[in-house]
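The values are calculated or read from the model by the stated rules, or taken from the named source; none is laboratory data. These numbers were taken from a predicted model, which means no experiment stands behind them. Cβ coordinates were reconstructed from backbone atoms using ideal geometry, including for glycine residues, and neighbour counts include every protein chain displayed.
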Amino acid sequence: MKGKIAFIPGEHKIEFFEHEVPGPPAGGLIAEVTQTNVCGSEVHMWKGEFGGRHGVMPGHEMAGRIHALGDGVKTDWAGVPVKAGDRIAPVYYSVCNRCSNCVKGNQAACTNKAFGVRHPSEAPHFTATFATHYIVRANQNFYRIPDNVPDLIAASANCAMSQVYWGLDKASVRYGESLVVLGAGGLGLHAMAIAKARGAYVIAIDGVEHRLDEALKFGADATIDLRRFSSADARRRRVRELIGGGPDVVIEVAGVPEAFIDALELASIGGRVIEIGNISPALTAPIAPSRVTFKALEIIGVTMYPPNYLKKSLDFLAKHIDRFPYREMCDATFPLSKAAEALDRSERRELTRAALLPQQG
Ligand SMILES: [Zn+2]
Ligand SMILES: [Zn+2]
């Protein structure tokens, strides 16, 4: 049986490779990718911001169906029995559980994270999710998707959602606190829902109409439109008007360097800033480090998450599926062959979350 895998060799280019789908590794499995999302990282890849001259394999947010289980696999990583045909979501990397960070319990900062191969021609080929199939390796956490959570929704759990969940926990966002979310894309909407469910007051800031509308549905108590409040100072004053003081926490998920400057400005004295959105090494922002000093800010960088957070995310979805309109989160689907169009339209921010359905061509 042959499968297809996408590759981005450079800015705004995509290629497809065909390879024989290997058998399942002992302790792991082979999944059919039923849905894979265009995440912010894929848009950065598409713009040529990473991958460099070697190119990059896109795709890491997925939901899939177990095609074949490897020797010894009877349950997911939470002990739930699994069989061929079951729907699963994998963590898109594995951690070593042996490096000094893992040993201290900080697996999100594992120094030996493994992601798979760098090019579709390298065996075992299927290690990124813009593909018809995906290999879950023996040391890679995966979880059965709860029955009431459709693929459409589960697919973003293994990146966007788990990462903001971990970020909010790392910053201890709790009941009665206020949170400003910079950016109402996929990461932002997940952050709003989780923070709202635990009783925080949430303000969303974005400059796109339909994203601001979505924010209100995902738990934002108020929104600030960047087009109307175009200076950092105007936004700062508006936030203070809304909550009668500075916010306890600001989370940056807009993914542009200016948003980090905004986060430092918006944060209150003694506040916490969660930085998740900026992931392009070449993009920089001029900041006055003294802002951090004199405001006594706590800055919390978050990349990836401890693997068990995928389980927490799936459980959160199962519980809150009717409270927030998760079905609207993914607003366009494309076959794998139309990946370029999905990436282009995501780059132009016409869509909140585009998804590819690789089993449909
Ligand atoms: Zn480690
Ligand atoms: Zn992602």
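Quickly run through segment 345-361 and pick out the residues that are assigned to a loop (DSSP other than H, G, I, E, B), of a type outside the set (A, V, I, L, M) and under 27 Å from Leu168 (Cβ atoms). Those that are assigned to a loop (DSSP other than H, G, I, E, B), of a type outside the set (A, V, I, L, M) and under 27 Å from Leu168 (Cβ atoms): Arg349, Thr352, Arg353.
Matching residues to (1) within 16 Å of ligand 2 (Cβ to nearest atom); (2) more than 21 Å from the chain's Cα centre (by Cα); (3) of a type outside the set (Gly, Ala, Ser); (4) modelled with pLDDT under 95:
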position	(1), (2), (3), (4)
Ala84	no, yes, no, no
Pro90	yes, no, yes, no
Ser94	no, no, no, no
Ser100	no, yes, no, no
Lys104	no, yes, yes, no
Pro120	no, yes, yes, no
Thr129	yes, no, yes, no
Arg137	no, no, yes, no
Asp147	no, yes, yes, no
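Annotation: Thr223 fulfils all but one of (1) assigned to a helix (DSSP H, G or I); (2) in contact with an Asp or Glu (Cβ under 8 Å, 6 or more places away or on another chain); (3) assigned by TED's automatic domain parsing to the domain that holds Val273; the unmet one is (1). Applying a threshold of 7 Å to beta carbon distances and a minimum spacing of six or more residues, or different chains, the list of pairs starting in segment 240-253 at a residue that is at negative phi and in contact (Cβ under 8 Å) with a residue 12 or more places away in the chain and ending at one that is in a helix (DSSP H, G or I) and aromatic (Phe, Trp, Tyr) reads Glu252/Phe260. Restricting attention to segment 8-26, and to residues there that are more than 20 Å from the chain's Cα centre (by Cα) and part of a strand (DSSP E or B), which single residue is nearest to Leu357 (Cα to Cα)? Selected residue: Phe16.
Filter segment 27-79 down to residues that are within 16 Å of the chain's Cα centre (by Cα) and assigned to a loop (DSSP other than H, G, I, E, B), then give me how many there are.
Going through segment 27-79 one residue at a time, the tally reaches 6.
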